[in-house]
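Colleague: Before anything else, here's the structure in question.
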Amino acid sequence: MSKIKIHVCSNELESWDTIWKWKWFTRDVWENVYWKEEQATLRPLFPLLHKLNIKSILDCSCGLGFKTILFAKRGFEVEGSDGSPNAIKYAPQLAKEKRVKIRFFLSRYEELGEKCKRKYDCVFSDNFDEIETYKYMKVAAKNIHSILNNDGKLIFSALPPHFSRKDLKKVIEKEWRKTKRFDVDAPYEKDGIRVTRIEVNEKTSEGILENNIFLIEEHGVLRVEIAQIMNPRIKWTWKDYYKVLKEAGFSEVYSTKENFAVAIK
Ligand SMILES: C[S@@+](CC[C@H](N)C(=O)[O-])C[C@H]1O[C@@H](n2cnc3c(N)ncnc32)[C@H](O)[C@@H]1O
């Protein structure tokens, strides 16, 4: 009997890259619902962007570019970056299908300073609050600071400022109560490849660890790819953000009633 190859992604970014590869492959199944979710997520952000007179945006954790495309459709001058090569490979195809021209480029947060060819009024991230370590968050914040225009803004979603570390534990418990322990997606087959995703979730001290187990059958051979992400990571208090952003050089940091954090250069 032949052995089954099992690949476990070695870090979160590689996990995201694997997830985007299979998300793109199975996109007919989930894309329509995802567009609606993304629109709903961005709805409260647009009035804030207008109020802050923002014209240009870098969506610095753009994934396949859904939010980036929605920014472009709203008339913002937008670019998208991400550390996942697969995301950056497919995002331009999605944008082309949606008839918007967007520059997407591969960049981890620590590379933004060197990879960006311009400065922006705003850097938006739906991943900044999910960064794993304080040290890396500081590196990310410094790089973001360097690519903002004077008075430019970093905007990300964050829990309300009064949440203490004890409150975060309660948020994790609440999240865990509504999370399925495991789930199996229907197998999806295309171009001679059949993929089945199994999701196994674990509660941890810093959020919910989502184990994505992809069973891939190709030419009669089965292989397995395992991608782990903290989804969501519930680790950082407002004090942490405030400290890290001030250390990175931001002059002012505040939260909005819609629970966005705004850091001003
Ligand atoms: C929540 S997903 C983004 C989803 C995407 N914005 C959307 O609306 O569909 C988080 C993203 O952060 C990216 N990411 C994670 N770590 C990163 C890093 N160190 N540098 C750059 N991007 C990173 C992942 O590749 C992933 O695309």
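Every number in this text was worked out from the coordinates using simple rules, so none of it is lab data. For clarity, every value in this text was computed on a predicted model and none was experimentally measured. Positions of Cβ are backbone-derived with ideal geometry, glycine not excepted, and every protein chain shown enters the neighbour counts.
Colleague: Using a 10 Å cut-off on Cβ atoms, rank the peptides 206-218, 177-189 from the highest mean neighbour count down.
Modeller: Values: 206-218: 17.2, 177-189: 11.3.
Order by mean packing, descending: 206-218, 177-189.
Colleague: Rank these for me by crowding, Lys170, Lys67, Lys138, going from fewest to most other beta carbons within 10 Å. Walk me through the intermediate numbers first.
Modeller: On the way: Lys170 12, Lys67 22, Lys138 16.
Fewest-to-most Cβ neighbours within 10 Å comes out as Lys170, Lys138, Lys67.
Colleague: Normalised radius of gyration for the range 42-164, please: alpha carbon Rg relative to 2.2 N^0.38 Å, two decimal places.
Modeller: Details: Rg = 13.9 Å, N = 123, 2.2 N^0.38 = 13.7 Å.
Dividing the Cα Rg of the range 42-164 by 2.2 N^0.38 Å gives 1.02.
Colleague: I've got another one for you. Just to confirm the number: angle between the C-alpha axis of helix 85-97 and the first principal axis of the chain, 0 to 90 degrees, nearest 10?
Modeller: 80
Colleague: In degrees between 0 and 90, to the nearest 10, how far off the longest principal axis of the chain does helix 238-247 point, with axes built from Cα atoms?
Modeller: Between the helix axis and the principal axis of the chain, the angle is about 70 degrees.
Colleague: Output the pairs from Lys115/Lys153; Lys98/Lys190; Lys98/Lys246 with a Cα-Cα distance over 28 Å in this structure; if there are none, say none. Show your work: numbers first, answer last.
Modeller: Values: Lys115/Lys153 19 Å; Lys98/Lys190 23 Å; Lys98/Lys246 38 Å.
Violating the 28 Å Cα-Cα cut-off are Lys98/Lys246.
Colleague: For the range 106-237, build the charge dipole from Cβ charges (+1 Lys, Arg; -1 Asp, Glu) around the Cα centre, then report which of Ser164, Ala141, Leu154 sits farthest towards its positive end.
Modeller: The residue sitting most towards the positive pole is Ser164.
Colleague: Further, regarding this structure: Taking R0 as 25 Å, what's the FRET efficiency between Asn211 and Glu31 from their Cβ-Cβ distance, rounded to 0.05? Each step should come with its number before you reach the end.
Modeller: Values: r = 23 Å, r/R0 = 0.93.
The calculated FRET efficiency here is 0.60.
Colleague: Going by a ≥ b ≥ c, the root eigenvalues of the Cα gyration tensor, does the range 1-51 fall in the rounded group (a/c under 1.5), the prolate group (a/b larger than b/c) or the oblate group? Write out the running numbers ahead of the final one.
Modeller: Details: a/c = 5.99, a/b = 2.27, b/c = 2.63.
It is oblate, given that a/c is not under 1.5 and a/b is not larger than b/c.
Colleague: Sticking with this structure for a sec: Could you work out which residue, out of Lys190, Lys246, Lys89, moves most in a Gaussian network model of the chain, that is, has the largest mean-square fluctuation with Cα springs under 10 Å?
Modeller: Looking only at Lys190, Lys246, Lys89, the largest GNM fluctuation is found for Lys190.
Colleague: Which percentage, to the nearest 5, of the DSSP beta bridges contained in the chain is antiparallel?
Modeller: Details: 38 of 58 bridges.
Among the beta bridges of the chain, antiparallel pairing accounts for roughly 65 percent.
Colleague: I'd like the FRET efficiency for Ser146 and Ser2, computed as 1/(1 + (r/R0)^6) with the beta carbon distance as r and R0 of 35 Å, rounded to 0.05. Don't jump to the answer; show the numbers that get you there.
Modeller: Working: r = 51 Å, r/R0 = 1.45.
Computed FRET efficiency for Ser146 and Ser2: 0.10.
Colleague: Arrange the peptides 118-130, 54-66, 34-46 so that the one whose residues have, on average, the most other Cβ atoms within 10 Å appears first. Kindly include the intermediate steps, with their values, before the conclusion.
Modeller: Values: 118-130: 21.5, 54-66: 24.2, 34-46: 13.5.
So the peptides 118-130, 54-66, 34-46, ranked by packing, come out 54-66, 118-130, 34-46.
Colleague: Work out the FRET efficiency for Glu218 and Lys51 from their Cβ-Cβ distance, taking R0 = 51 Å, and round it to the nearest 0.05. If you can, show how the numbers build up before the last one.
Modeller: Numbers: r = 51 Å, r/R0 = 0.99.
The computed FRET efficiency comes out at 0.50.
Colleague: Calculate the length of the line joining the C-alpha centroid of the range 171-241 to that of the range 129-169, in whole Å.
Modeller: 24
Colleague: Separation between the Lys135 and Glu202 pseudo-spin-labels, each 7 Å from Cα along Cα→Cβ, expressed in nm?
Modeller: Result for the modelled spin labels: 2.2 nm.
Colleague: Which net charge results for the neighbourhood of Ser205, defined as the other residues with beta-carbon distances under 9 angstrom from its beta-carbon, given Lys and Arg at +1 and Asp and Glu at -1? Present the calculation step by step, with values, prior to reporting the outcome.
Modeller: Working: positive: Lys169, Lys203, Lys235; negative: Glu206.
Summing Lys/Arg as +1 and Asp/Glu as -1 gives +2.
Colleague: Could you pull out every one of the lysines with an alpha carbon less than 17 Å from that of Lys117, ignoring same-chain neighbours closer than 8 positions?
Modeller: Here the lysines satisfying the reach criterion relative to Lys117 are Lys55, Lys101, Lys142.
Colleague: Below 8 Å between Cα atoms, with a sequence gap of 6+, how large is the relative contact order for the range 1-125 in percent? Working shown, then result.
Modeller: Working: 147 pairs, mean separation 32.8, N = 125.
Dividing the mean separation by the residue count of the range 1-125 yields 26 percent.
Colleague: At what distance in nm do the modelled label points of Ser251 and Lys98 sit from each other, each positioned 7 Å from its Cα along Cα→Cβ?
Modeller: According to this spin-label approximation, the distance is 3.3 nm.
Colleague: Right, something else. Over the chain, what is the relative contact order in whole percent, taking alpha-carbon pairs under 8 Å and six or more residues apart?
Modeller: Values: 467 pairs, mean separation 51.9, N = 265.
Across the chain, relative contact order equals 20 percent.
Colleague: How far apart, in nm, are the 7 Å Cα→Cβ label points at Asp191 and Lys174?
Modeller: Label-label distance for Asp191 and Lys174, simple model: 4.3 nm.
Colleague: Then there is this: Does the range 20-87 come out rounded, prolate or oblate, given a ≥ b ≥ c as the square roots of the eigenvalues of its C-alpha gyration tensor, rounded meaning a/c under 1.5 and, failing that, prolate meaning a/b above b/c?
Modeller: On the way: a/c = 2.97, a/b = 1.58, b/c = 1.87.
Verdict is oblate for the range 20-87.
Colleague: Quick one: grab the alpha carbon gyration tensor of the range 101-249, order the square roots of its eigenvalues as a ≥ b ≥ c, and give me rounded if a/c is under 1.5, else prolate or oblate depending on whether a/b is larger than b/c. Write down the numbers at each step before the final one.
Modeller: Working: a/c = 2.96, a/b = 1.39, b/c = 2.14.
Oblate shape, in that a/c is at least 1.5 and b/c is the bigger or equal ratio.
Colleague: Let me ask you something else. Charges on Cβ only, +1 for Lys and Arg, -1 for Asp and Glu, centred on the Cα centroid of the range 68-134; of Tyr109, Thr68, Leu94, which one is farthest towards the dipole's positive end?
Modeller: Towards the positive end, the residue furthest out is Leu94.
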